[in-house]
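Below is one structure, written out as structure tokens; the observations come after it.
Any read-out appearing in this document is the output of simple, stated calculations on the displayed coordinates, not a laboratory observation. Keep in mind the model is a prediction, meaning the values are calculated, not measured. Note that we place each Cβ from the backbone using ideal geometry, even for glycine, and neighbour counts take in every protein chain shown.
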Amino acid sequence: MTIKNKLRTGIGFLFVLALICCGLSVYFLNRLSADAGAILKDNYKTLQYTQDILNVIDANDKPLSAKQFAVIDANLIRQQHNVTEKGEQELTDSLTVIYNDIKLYKGEAAGESQLRSQARRLIYGIMHLNMDAISHKNDVAADTASRANVLVAVSAFLLFTIAFTFAVNFPGYIADPLKELTARIRDVSNRNYHQQIDFKSDDEFGELGQAFNTMTKKLDEYENSNLASILFEKKRIETIINTMQDAIVGLDEKMIIIFANEVACSLIGLTTDQLTGRYAPDIALENDLLRNLLVNEQSRLKIFADNRESFYSRESLSVSSKSKVIGKVIILKNITEYQQLDEAKTNFIATISHELKTPISSIKMSLKLLEDDRIGNVNVEQRQLLENIDDDARRLLQITGELLDMAQVETGKLQLNFGSTHPRNIVDYAVKAIKFTADQKQVSIKVKCDDTLPEVHADLDKTTWVLINLLSNAIKYSHEKSTVELIVKKHKNDEIEFSVKDHGKGIEEQYLSRLFERYFKVPNATADQTGTGLGLAIAKDFIEAQSGHIEVDSEIGAGSRFAFTLKRAV
Ligand code: ADP
């Protein structure tokens, strides 16, 4: 039966019970009222009529007047019409006979008085008869009332009991399944799909339970198939990560280690179980490498593992989802092979450039001798050829010098001779060294360097080398007959800034950040402008080794400005 029909039946049953109860009450009330009406009509009125007759008879001993006869006539007729009890008719008839006799006597007092007393006895008889009837009917009414009481009480009790049972059980009948359903839905929201509902009824709740069970079954199937594919993907990714040659460590946003591949585990010296699920800073307290990985942002690391020194480059990637950082991945790339090759290259360059310096110097020496008239005369063409060779030898010497400097920097063998010197000294040396080149291109160098400037703490040779390099570039990339400005000034933070500004073609913005990289040259340079691409890289190393910094500013068509700072001498 559906809930709707159950509700209808329950409430209908209660309604019928209430109706029965009311009907019984009305029935008994009617019966009581009928009993009371009967007493009033049958007996009380008789008592009234007979009393009225008695009053007239008892009024005095005188013969009855015409008026009194009229009263008795009227009441006697009424009584004749109101005979209800057994024996009452006979008494009433006798009273009528006596009364007629009294009428016949007409004033004979002795006979009338006798008749009157007979009439009185008859009246009393009728009265008694009716009073007995009243008493009897009263008993019947009382009996009816008590029966009514019992019946109405029983049916009211029944009604109350059923209504009470209904009131107590019905809310539970509706609410219990809903409660059960709510609890199961909560379980489902916690991904517990093994829940089943057991509603035995064949109403809407039964159907609801079945539908819910089907839903959880389907969800369970879906979850299992989803889980299987997620687990499969996870396994695949884990295998890929584990077979990688690089060490990889994954952390969540709370710095808990989520995974570490085999290479990472062997480098850190802990097993996967000892790493995963743990708070990384806790492990870092006792593990130098992990501490370095977490704290150190430097990109190169030297790690001693498996009885040999290896080099790794460290890369840290933030993992974000919906613009929220949810973790990071630290990758250690093994670059030992490249490092060794790089070292071999640097050593090779250092050896070659060092070895080349001697023959180039002897070529220059031989050229000097050839140019000397005491050795012999050379004609104009030969002199031109000698000058060309001298020029190339000078460039070769410069290149080998730069290569040697770079090798020194790369092998960490750069040695600085610090001292206090006035900026003017550096400026004078550099301008003097570059003057010949500037004159050749008719570029004038405007110097602004106050004598009041404080001394700088610097390596005179290296700084002069940097300034010559900047001036040489400025001249190289300037138009003929233009100006190069060399300005030295003091910064607010007590640093001294040397800047070289030209009015040449300028450098495109996209190349500015790469200018200080080794071997970088801005594309599309003309033949006479090509160099090694090492000058600015070495300049940066020299300046940073002296705790200064170097920067560039350029605008296409307007020229470039290179500037470096040095610390003031204490
Ligand atoms: P190079 O020995 O080739 O000059 P540098 O390291 O000194 O090497 O310069 C790197 C590149 O920067 C050059 O190839 C050149 O293209 C660009 N460059 C340097 N200085 C200037 C300048 N003053 N104006 C325009 N380009 C410049």
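Laid out as a table, the results:
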| read-out | value |
| --- | --- |
| Relative contact order (%) - segment 435-561, alpha-carbon pairs under 8 angstrom, separation at least six | 27 |
| 22 Å Cα-Cα reach of Lys357 towards lysines, excluding residues that sit fewer than 8 places from it in its own chain | Lys345, Lys368, Lys413, Lys462 |
| Qualifying trypsin sites (Lys or Arg not before Pro) for segment 112-174 [loop in DSSP, other Cβ within 10 Å: at most 15] | none |
| Qualifying lysines (Cα of each under 19 Å from Cα of Lys200; at least 8 residues distant if same chain) | Lys4, Lys6, Lys179, Lys217 |
| FRET efficiency, Leu512 to Asp187 (Cβ-Cβ, R0 56 Å, nearest 0.05) | 0.35 |
| Cα-based Rg / Dmax (Å) for segment 390-462 | 15.5, 41 |
| Segment Leu104-Ile3, length gained on full extension (0.36 nm per residue, minus Cα span) | 27.6 nm |
| Mean separation of Cα contacts under 8 Å, 6 or more apart, over the residue count of the chain: relative contact order % | 7 |
| Calculated diffusion of the chain, Stokes-Einstein form, Kirkwood radius summed over Cα pairs, 4 °C and 1.567 mPa s, µm²/s | 34 |
| For segment 202-300, convex hull of alpha carbons as volume per residue, Å³ | 140 |
| Helix 336-371 axis, angle to the chain major axis (alpha carbon atoms, nearest 10°) | 30 |
| In segment 402-509, the GluC sites (Glu not before Pro) that fall in loop regions by DSSP, at most 11 other Cβ within 10 Å | Glu480 |
| Degrees separating the helix 88-105 axis from the principal Cα axis of the chain, which is the longest one | 40 |
| Full-stretch length increase - Asp392, Leu19 - with 0.36 nm per residue and alpha-carbon distance subtracted | 121.4 nm |
| Size descriptor, Kirkwood hydrodynamic radius, that averages inverse alpha-carbon separations across segment 428-470, Å | 11.7 |
| The chain: angle of helix 66-80 to the longest principal axis, Cα-based, in degrees nearest 10 | 60 |
| By average C-beta atoms within 10 angstrom, highest first, the peptides 92-99, 276-283, 461-468 | 461-468, 92-99, 276-283 |
| Within-15-Å neighbourhood charge of Arg186 [Cβ basis; K, R +1; D, E -1] | +1 |
| Charged-residue dipole, Cβ positions (Lys, Arg, Asp, Glu), segment 98-246 about Cα centre, Debye nearest 20 | 820 |
| Qualifying chymotrypsin sites (Phe, Trp or Tyr not before Pro) for segment 483-527 [loop in DSSP, other Cβ within 10 Å: at most 11] | Tyr519 |
| Where labels lie 7 Å past Cα in the beta-carbon direction, separation of Asp252 and Gln340 in nm | 4.1 |
| Assigned charges on the beta-carbon of Lys, Arg, Asp, Glu; segment 414-465 dipole about Cα centre (debye) | 280 |
| For a label point 7 Å along the Cα-to-beta-carbon line of Glu204, residues of segment 166-191 with backbone N under 17 Å | 170-182 |
| Amide H partners (placed H, <5 Å) of Ile445, local residues excluded | Val484 |
| The chain - mean residue ellipticity at 222 nm from DSSP helices (-39,500 (n - 2.57) per run, n ≥ 4, rounded to 500) | -21000 deg cm²/dmol |
